[in-house]
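Data first, discussion second: the structure below is written as structure tokens.
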Amino acid sequence: MKTILCFLASLVSLAALASAAVPPMNFVWIIADDMSPDTAAYGLAGVRTPHLDALAAQGRRYTRAYATAPVCSSSRSAFILGCSQITTGLHAHDVENPQPLPAPFEPLPALLRKAGWFVSNAAAPGTMRNGRAITKGKTHYNFAHDAAVMFDGDDWRKRRPGQPFFAQFQITEPHRPFPIPAAFDPAKLDAIRLPANYPDHPLMRRDWYAYQHSVEVVDQRVGAILAQLREEGVLDQTIVMFFSDHGRPMPWGKQWLSVEGLHVPLIVRGPGVGAREVEERLVSLIDLAPSMLRLARLPVPAWMEGRAVLGGEFPARAHVFAARDRCGDAADRIRAVIGTDALLVRNFSPGLPRFNWSSYKEDSYPGLPLLRVLGAAGGLDGLQTQWVATNRPEFEYYDLKRDPQGLRNLAADAARTGAMSGLRAALDDWLKATGDRGALPDPGTEPSLGEIQAKKRGDYQRTWTRRVGKPEPTDAERLAWWEKSYGLTAKPAQP
């Protein structure tokens, strides 16, 4: 009976779509893991991204798009709902016991599916794991969900004839671990321009090189997806959006409310979007869900906090917001507001170091032991030393007009007091409006922080025992392993 009712509801939805004056639109989201705007179209030299550059040439490139969180599951939980993770209580990253969404929240795929769209979620063509092809797409939401309610499958081509579709393609790159190239092109290594808060060290350059190589793999995946759409004859009737869930996986990017952690690529191609357009106004990833609903001619729920940036007048706004909370075993609470020309960050635990322990990052980021070893030896300059300090100021203020990478904290500058006060007021208003669930006591559905930390520390110890034969190697020992892995010294005996 339930199956029959669902089928009848689907027929009613499709009949309504068919009766509309304009045929319903198809939507495709192509989502990369952990990527900053690091393509040639965004001005990065030395990286080959012909498919993404063509996408930008055929459509609109957004220069001021930001994630609401600098880490995967928190950001994904926000943009699939069109609502900040601190409003919904989905702020902690990588929750152990995801809970069902409370009313009235409902993810975009479910809303479109109920309205008659065929909804799929797939890995990008060519994705492999342990030598086997992967077709199922990543979700990694911080809420429990029934895949049968959210998705029709992993291949949009299985829809009924004429049925509109919403296809998500998940690209695992450039998430770590990066495949380490067998050889490094000296010219490309030399062309890398490291941000000033990173030391210009051979290991740092090779790690950055591997990241950029992984971005080139993203581009190849995008090419394969576009080819699939073109071969099926639907590319020009489809809104295609490429974006990343947050910024690049480097020491001061992922997990931090920095420009590097929050600034993402966003490129849109399709009906109603002109070629070679550049949009410089502020956009948040939570704007994408209401944009799809507006283009689908469906109501945007009142609880959605994002604003539609397609299909009508562009929303006038002065700020977008972001938050970081517990990331795995690294507890923290940070909030940020991004204005048209400035970034304000509030650290609610300023006594914590920037090297707030994260087993995931200590496993996989060669830059962390490198920064500590260089710092202990006096090998960092003044700006880099500030970024490895053992504590943080309560407020950080960055002038993005003069310092677009957001590296020089000007919060102590008396001349910035007025500008800071305006951003502080905007941030306070946002925290009140959202109810900031990250400030509330733990609801008790998760293990204790101590239990989480003990489990993940065990994972860390097993990883390093496998690599170097010791569960707790020193920074110098870990650095030596990374230098061997990147071919700077003899190769390690163990993977």
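Derivation of every value follows stated rules applied to the coordinates shown; laboratory data play no part. This one's a predicted model, so the numbers in the text were calculated from it and none came from an experiment. Neighbour counts run over all protein chains shown; Cβ positions are idealised from the backbone, glycine included.
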Task: Antiparallel %, DSSP beta bridges [both residues in the range 25-315], to 5 - done: 30
Task: Dipole of the range 25-315 [Lys/Arg +1, Asp/Glu -1 at C-beta], most positive-end residue of THR127, ALA115, PRO301 - done: ALA115
TODO: As a check on your grasp of the helix formula, calculate [θ] at 222 nm for the chain: sum -39500 (n - 2.57) over DSSP H runs of n ≥ 4, divide by the residue count, round to the nearest 500.
DONE: -10000 deg cm²/dmol
Task: Hits among aspartates and glutamates - C-alpha to C-alpha of LYS158 under 14 Å, sequence gap 8 or more where chains match - done: GLU232
Task: For peptides 302-312, 329-339, 68-78, sequence by mean Cβ density within 10 Å, most packed first - done: 68-78, 329-339, 302-312
Open item on the list: Using square roots of five times the C-alpha gyration tensor eigenvalues, list the equivalent-ellipsoid semi-axes of the range 152-277 in whole Å, biggest first.
Closed with: 34, 16, 14
- [ ] Assign one of three labels to the range 384-467, namely rounded, prolate or oblate, based on the Cα gyration tensor with a ≥ b ≥ c the square roots of its eigenvalues; rounded applies when a/c is under 1.5, prolate when it is not and a/b is larger than b/c, and oblate otherwise.
- [x] oblate
- [ ] Determine the shape class of the range 253-308: with a ≥ b ≥ c the square roots of the Cα gyration tensor eigenvalues, call it rounded for a/c under 1.5, and otherwise prolate if a/b is greater than b/c, oblate otherwise.
- [x] oblate
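Could you rank the peptides 150-163, 459-472 by their average count of other C-beta atoms within 10 Å per residue, with the highest value first?
150-163, 459-472
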- [ ] Using a 10 Å cut-off on Cβ atoms, rank the peptides 262-273, 420-431 from the highest mean neighbour count down.
- [x] 262-273, 420-431
Task: DSSP-defined beta bridges in the chain - what % are antiparallel, rounded to 5 - done: 50
TODO: Using the structure shown, select from LYS188/LYS484; LYS361/LYS484; LYS114/LYS432 the pairs with a Cα to Cα distance greater than 22 angstrom.
DONE: LYS114/LYS432
TODO: Please work out whether the chain counts as rounded, prolate or oblate from its C-alpha gyration tensor, where a ≥ b ≥ c are the square roots of the eigenvalues and a/c under 1.5 means rounded, while otherwise a/b larger than b/c means prolate and anything else oblate?
DONE: prolate
Open item on the list: Which lysines, if any, have their Cα less than 25 Å from the Cα of LYS401, not counting same-chain residues under 8 positions apart?
Closed with: LYS254
